[in-house]
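The values are calculated or read from the model by the stated rules, or taken from the named source; none is laboratory data. If you're wondering where the values come from, they're calculated on a predicted model, not measured in any experiment. Every residue, glycine among them, receives a Cβ derived from its backbone with ideal geometry; neighbour counts consider all protein chains shown. Side chains are part of the model used for accessible areas, which takes the heavy atoms of the whole protein and leaves out ligands, DNA and RNA. Shrake-Rupley method; radii C 1.70, N 1.55, O 1.52, S 1.80 Å.
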Amino acid sequence: MPFAYGHVFKDNLAKLKREGRYRVFADILRHNGEFPSAVHHAANGTRPITVWCSNDYLCMGQNAKVVAAMKAAIDKAGAGSGGTRNISGTNHFHVELERELADLHGKESALLFTSGFVSNDAALSTIARMLPGCIFFSDELNHASMIEGMRHSGAEKRIYRHNDVAHLDELLGAAPASAPKIICFESVYSMEGDFGQIGKICDLADKYGALTYLDEVHGVGLYGSRGGGVAERDGVMHRVDIIEGTLAKAFGVMGGYITGSTAIIDCVRSFAAGFIFTTSLPPAITGGALAAIRHLKESTAEREGLQERAARLKGLLSKRNVPLIKSPSHIVPVLVGDAALCKVVSDELLFTHGVYVQPINFPTVPRGTERLRITPSPLHTDAQMDHLVEAIDTVWTALRLRRAA
């Protein structure tokens, strides 16, 4: 009898739905120049909404300089890149952008990828394969892309408790002294909103002769005097061996990258399948990213505006006794603690109040810590924020969700 393929897929989807973890994409349309206002397309028609969960943290995707640069790049170079970086797909936008990124992080070299996921996966798997006997030391809350890169390398991995440098010290001390070691961690953990212990981790790397690999995806553009990230803000950027980042969040477009020494970057360029066999980013994307990075190297207004908006929102929600997960960063996580209920809250906010905040469930966060992840921006007005707080307060009261985080 043939294998029942259809039942396997249907059963897995049914399980997701029973657990309240089935993902439904909100069909929204952002209008250039009007963000965070947008239009929600649903089965019963369209309606205006306010977006409160975008990773376009500084609204650079709507920035006039960025939009103009993208249009100009298309006019100058056309729509596509023409191929992989090795076969006709390297144009001058790529070269300029990699120089800007290396300069942003104070490194010798940089390498572009099509996404932050690909950059972590390709870089970590490639680097570790070049180090026989390599051991990864990974924060337990590292992003899925880092976990995939470590897994694909085939190297041993030891996981330390989140932000627990004492536990990391213990694991490093127990490892063979002669073994190559790479400590992998993040600057901003996007679901918790807390900061990585960059300086202390670099101290341990010095003590045990380890390389450091820092994911600055949720910090780059947002922290530091030029937007170099939390490592720049903390004055430790020069101590980190490899800094990975994205063009898809604070810079408002898409793509990922790594920065580091010329030798490390050239090895990844030369050996990483995720780089070699992928069509390169198109001119519009690289042109827009260049404009965003150059703007944020000079302008602090967007970063300052974001921090002010985040602080105001946290204060307003705290006054209403909404259960916030403590976050020192620009991210505002609101604890719900149940997958199905988290979806109910999100739907009620969207369909009744015109507030779009996507539910965050397992496996993105551990079971029992399901949440709403709110991301204010410099362009959210007081009126929009007051409406958000009123809407959350109304839903929380109706569903009897009031409890301490």
Among Gly45, Ala68, Tyr57, the residue whose Cα sits farthest towards the positive end of the charge dipole of segment 1-81, when +1 is placed on the Cβ of each Lys and Arg and -1 on the Cβ of each Asp and Glu, is Gly45
Kirkwood Rh over alpha-carbon pairs of segment 345-394 plugged into Stokes-Einstein at 25 °C, 0.890 mPa s gives a D in µm²/s of 207 µm²/s
Reduced to Cα centres, the span from segment 191-263 to segment 347-361 in Å works out to 32 Å
Where a ≥ b ≥ c are root eigenvalues of the Cα gyration tensor, a/c under 1.5 meaning rounded, otherwise prolate if a/b exceeds b/c and oblate otherwise, the chain counts as rounded
Sorting Ser299, Thr369, Asn120 by the position of each Cα along the dipole of the chain (Lys, Arg +1; Asp, Glu -1; all at Cβ), the one nearest the positive end of that ordering is Thr369
With all protein chains in place and a 1.4 Å probe, Glu186 shows an accessible area in Å² (nearest 10) of 10 Å²
For segment 180-324, shape from the Cα gyration tensor axes a ≥ b ≥ c, cut at a/c of 1.5 then a/b versus b/c, turns out oblate
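As a test of reading the structure, rank Phe113, Phe362 by solvent-accessible area (1.4 Å probe, protein chains only), most first.
Final ranking, largest accessible area leading: Phe362, Phe113.
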A 1.4 Å probe over the protein heavy atoms gives the chain a carbon and sulfur accessible-area percentage of 57 percent
Contour minus Cα-Cα span, Lys319 to Thr262, at 0.36 nm per residue, comes to 15.5 nm
Any aspartates and glutamates whose Cα falls less than 20 Å from that of Lys319, other than same-chain ones fewer than 8 residues away, would be Glu308, Asp382, Asp386, Glu390, Asp393
Yeah, segment 256-373 with a ≥ b ≥ c from its alpha-carbon gyration tensor (a/c under 1.5 is rounded, else prolate when a/b outruns b/c, oblate otherwise) is prolate
Across His387, His41, His143, the residue with the highest GNM fluctuation in the chain (Cα network, 10 Å cutoff) is His41
Largest-first ranking of Cys53, Cys267, Cys342 by accessible area, probe 1.4 Å, whole protein assembly kept, is Cys267, Cys53, Cys342
Scoring the chain by relative contact order with C-alpha pairs under 8 Å, at least six apart, yields a percentage of 21 percent
Given a 1.4 Å probe, the accessible area of segment 1-82 per residue, as a whole number of Å², is 66 Å²
For segment 309-355 (alpha-carbon point model, no solvent) the Debye-based log₁₀ I(q)/I(0) at q = 0.13, 0.19, 0.26, 0.28 Å⁻¹ works out to -0.34, -0.71, -1.06, -1.08
Computed D for segment 31-177, Stokes-Einstein, Kirkwood radius over alpha-carbon pairs, 10 °C, 1.306 mPa s, to the nearest µm² per second, is 81 µm²/s
